[in-house]
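The values are calculated or read from the model by the stated rules, or taken from the named source; none is laboratory data. On a predicted model such as this, the values are computed, not experimentally measured, just so you know. Please note: Cβ atoms are built from the backbone with ideal geometry, for glycine as well, and neighbour counts cover all protein chains shown.
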Amino acid sequence: MAITKHLQTLKHETILTTRKHPDTTPLANFLKEKPIIIGKYDPESLLTRVKEGAKRQLKFCKLFEKETPRVAISHGSADLCRVAFGLGTKVITTVDTPYAEAVHRLTLPLSDYIVASKAIPKEILEKYNIKGEIIQFNGVDEAAWTKGFEPRTKYHFGKPLIVVRQLEEKAVYSDGKVDMLAIAKKLTKLGNVVFLSRYHRKAVNGLIVPKFVDSTSLVAQADLFIGVGGTIAREAALQGTPAITVKVFSNQQVNDFLAEKGFPIYETTASETVKLAEKLLGKKRDVKNLLNELENPVDVIADIVAKIEKN
């Protein structure tokens with residue numbers, strides 16, 4: 001959405017699309033955006049993934065029947081990349097998960113431009129037999145919407161406030177298991193715990209389980225964040241909130257990059273999480289100067305679009 005808004009300010013005609021998903025569609029509504037819903041997210045099995053992907057590609061074909069876009073930009077959408085490639089549209093793909101091998105195999109070989117943090121070693125991207133240009137920037141994707149960010153919503157969950165994010169167990173790249181719910185329950189001895197579940201927003205005794213939250217605003221007000229992946233952890237750290245990632249995935253170079261820059265993001269094992277949480281709880285930092293030094297990927301993408309239009 002940050003990319004769409006910026007391109008619109010530059011007078012580009014844009015079409016914003018998303019899948020029907022328990023996270024993205026409520027977020028779009030919250031932000032008062034009206035993307036075109038193309039297909040849905042159904043990770044129930046490998047077969048449902050393939051079926052929904054095929055349906056989604058057909059819907060993209062129908063959307064572009066009258067007019068083919070000059071540029072297709074996505075965060076690793078295999079379906080958009082496939083259709084855009086077939087139509088001769090220039091493809092820009094952003095990457096922030098080096099471990100998402102299945103997605104990379106389906107998208108990077110079809111991409112004309114690959115935009116990734118310089119934290120990700122270039123050879124990790126090159127191994128996918130890509131023909132496109134790799135453009136790396138001195139920052140992380142989350143800088144696109146955290147630079148100059150002010151919380152949109154005030155949350156009154158009490159203090160100290162700990163936010164825990166459930167593991168995305170149904171992702172293709174999720175080859176590890178960790179019980180984040182069990183960790184969340186143990187953390188209640190340290191404060192009020194908001195548990196951000198992935199699929200089933202069911203009440204859990206002792207935890208706060210909201211149906212929807214603006215995660216960027218929530219972690220800005222939290223005293224600690226704990227998760228497994230990267231996005232919300234980086235949203236927290238970029239705003240000075242201590243963030244812990246439980247060690248499940250390898251190749252967490254983007255998180256390591258922020259830690260080396262001085263942002264409060266840490267990695268530990270599941271068994272050591274509560275102990276580290278006790279140490280870090282409430283130790284927020286002023287990282288505005290560090291954040292200002294990071295490059296914004298939106299500007300990088302806008303430059304690529306300008307280059308395509310010029311040619």
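General remarks:
- Counting only strands (runs of 3 or more DSSP E) that fall entirely inside the stretch 89-193 and contain at least 1 residues that are of a type in the set (Gly, Ala, Ser) and outside the structural domain of residue 258 (by TED's automatic domain parsing), the qualifying elements are 113-117.
- Residue check, residue 262 at pLDDT 95 or above, small (Gly, Ala, Ser) and buried (at least 17 other Cβ atoms within 10 Å of the Cβ): no
- Test: residue in the stretch 180-193 that is over 28 Å from residue 1 (Cβ atoms) and within 20 Å of the chain's Cα centre (by Cα): no
- When 234, 198 are screened for being at pLDDT below 95 and either more than 22 Å from residue 263 (Cβ to Cβ) or of a type in the set (Lys, Arg) (or both), only 198 passes.
- In the stretch 25-79, of all residues being part of a loop (DSSP other than H, G, I, E, B) and of a type in the set (Ser, Thr, Tyr), the one that is surrounded by the fewest Cβ atoms within 10 Å (Cβ to Cβ) corresponds to 45.
- Complete set of residues in the stretch 82-101 that are of a type outside the set (Ser, Thr, Tyr) and closer than 22 Å to residue 59 by Cα: 82, 83, 84, 85, 86, 87, 88, 90, 91, 92
- Some residue of the stretch 70-86 being touching a His at 6+ places or on another chain (Cβ under 9 Å), in the same structural domain as residue 305 (by TED's automatic domain parsing) and farther than 21 Å from residue 12 by Cα: yes
- Residues of the stretch 3-14 that turn out to be surrounded by 13 or more Cβ atoms within 10 Å (Cβ to Cβ) and more than 20 Å from the chain's Cα centre (by Cα), as a count: 2
- Residue list for the stretch 121-161, filter: closer than 28 Å to residue 76 by Cα and aliphatic (A, V, I, L, M): 124, 125, 130, 134, 135, 140, 143, 144
- Set 118, 154, 186, 127: member being on the phi < 0 side of the Ramachandran plot, of a type in the set (D, E, K, R) and without any contact (Cβ under 8 Å) to a residue 60 or more places away in the chain: 127
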